[in-house]
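Have a look at the structure below, then the notes.
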Amino acid sequence: MLHRLILATVLSAASLSAFAQNFPSRPIQLIIPFAAGGPTDVVARRLAEAMGQNLGVTVVAENKTGAGGTIASDTVARAAPDGYTALIHHTGMSTAPALYKKLRFNPLTDFEYVGQVVDVPMTLVGRKDLPPNNYKELYAYLQANRGKVNLANAGMGAVSQLCGVLFLSRINMMDVTTIPYSGTGPAMTDLQGGQVDLLCDQTTQTTQLIQSGRVKAYGATTKQRLAVLPDLPTLAEQGLDNFEMVVWHGIYLPKGTPKPVVDRLNAALLAGLADPKFKDAMAKLGAIIATPEKASTEGLRTHLKAEVEKWGPVMKAAGVNPE
């Protein structure tokens, strides 16, 4: 029996080694929790192309929307742990426990971590014909029109919702009407069309619209001005103290994915982040590429844990109750 156990262990190790050496041998599915054309989708599709070149196979980006990204996360958590199904998710991965009473997955125990991808600043923007021209004027306008102004978001769990909640909580105007959409694309379309007043969204979605004058920008959500929008003041420098919102993204695999496979995908991630075309595309959109330390397995694991611990109290303080 002992000999059989040893033999089984050796054969299992040999099989795993052979699998890892041949990985990948077919296309890899990269699941995106949000709608096509949205901020995360833009990052994911650019990255899929860059990683695919390094891996020698096609990385197929697939949108699987719903429930603030939890449907996609649950799908990947339950997928075969062979490296052929991956998830790219943003800050919403860490806020899910604070937003949903019953999750079918645990962000801290049901995944293997490949690494962080990019940090994306956010901007507070309005329809182009909204009267205020800067944050100070916007604050006065909100005060004078309480209950008459609305703030769009991309739905429960979307970072636009999180940014909006924090913004309204910070200025003590939770009576502003919020309008949830099924994704960032529809929300931004209605903002440009004048159907909604305000939206807080990632620079990957807003930069070109701001530059072309199709929306009115009121400020960046970062401590420092954005290189891609140097003339746009931050909300902080305009008087909104202690407000910062930067969206981070990471890549996840089902729990139990062999370490050699995780390591191979991490190497492809690092190569993708260093790809000149990817770097140029992210720079134009205002996204900040993760450092090698952040883009490591441990870098994502540590950051996710810290973010889960941070967002619970923040959401509770803002009056957001789990659904």
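The values are calculated or read from the model by the stated rules, or taken from the named source; none is laboratory data. Since the structure is predicted, the reported quantities are computational estimates derived from the model, not experimental observations. In this analysis, Cβ positions are derived from the backbone assuming ideal geometry, glycine residues included, and neighbour counts consider all displayed protein chains. Each accessible area value is taken on the protein alone, full model and side chains, heavy atoms only, with ligands, DNA and RNA left out. Shrake-Rupley method; radii C 1.70, N 1.55, O 1.52, S 1.80 Å.
Below is a table of values for the structure above.
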| quantity | calculated |
| --- | --- |
| Test: residue in segment 284-296 that is part of a helix (DSSP H, G or I), open to solvent by 60 Å² or more (accessible area, probe 1.4 Å), over 14 Å from Leu55 (Cβ atoms) and modelled with pLDDT under 95 | yes |
| Test result for Lys101, open to solvent by 70 Å² or more (accessible area, probe 1.4 Å), of a type outside the set (Asp, Glu) and in contact with a strand residue (DSSP E or B) (Cβ under 8 Å, 6 or more places away or on another chain) | no |
| Single unsatisfied condition, Tyr252 versus (1) on the phi > 0 side of the Ramachandran plot; (2) touching a helix residue (DSSP H, G or I) at 6+ places or on another chain (Cβ under 8 Å) | (1) |
| Matching helices (runs of 4 or more DSSP H) fully within segment 19-115 where at least 2 residues are within 13 Å of the chain's Cα centre (by Cα) and among the acidic types (Asp, Glu) | none |
| Any hit, segment 104-113, residues being farther than 24 Å from Thr184 by Cα, open to solvent by less than 30 Å² (accessible area, probe 1.4 Å) and touching a Leu at 6+ places or on another chain (Cβ under 6 Å) | yes |
| Output for segment 48-71, where each listed residue is open to solvent by less than 10 Å² (accessible area, probe 1.4 Å) and touching a Pro at 6+ places or on another chain (Cβ under 7 Å) | Gly69 |
| Odd one out for Lys101 among (1) touching a helix residue (DSSP H, G or I) at 6+ places or on another chain (Cβ under 7 Å); (2) over 30 Å from Gly213 (Cα atoms); (3) at pLDDT below 95 | (1) |
| Close pairs (6 angstrom Cβ cut-off, 6 or more residues apart or separate chains): in contact (Cβ under 8 Å) with a residue 60 or more places away in the chain in segment 252-271, assigned to a helix (DSSP H, G or I) and surrounded by fewer than 15 Cβ atoms within 10 Å (Cβ to Cβ) anywhere | Pro258/Leu16 |
| Single residue of segment 28-47 satisfying the filter (surrounded by fewer than 24 Cβ atoms within 10 Å (Cβ to Cβ) and of a type in the set (A, V, I, L, M)) that is farthest from Thr206 (Cα to Cα) | Ile28 |
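To keep it simple, each residue is scored yes or no on (1) in contact with a strand residue (DSSP E or B) (Cβ under 9 Å, 6 or more places away or on another chain); (2) at pLDDT below 95.
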site	(1), (2)
Thr9	no, yes
Phe19	no, yes
Gln29	yes, no
Ala35	yes, yes
Gly38	yes, yes
Glu49	yes, no
Leu55	yes, no
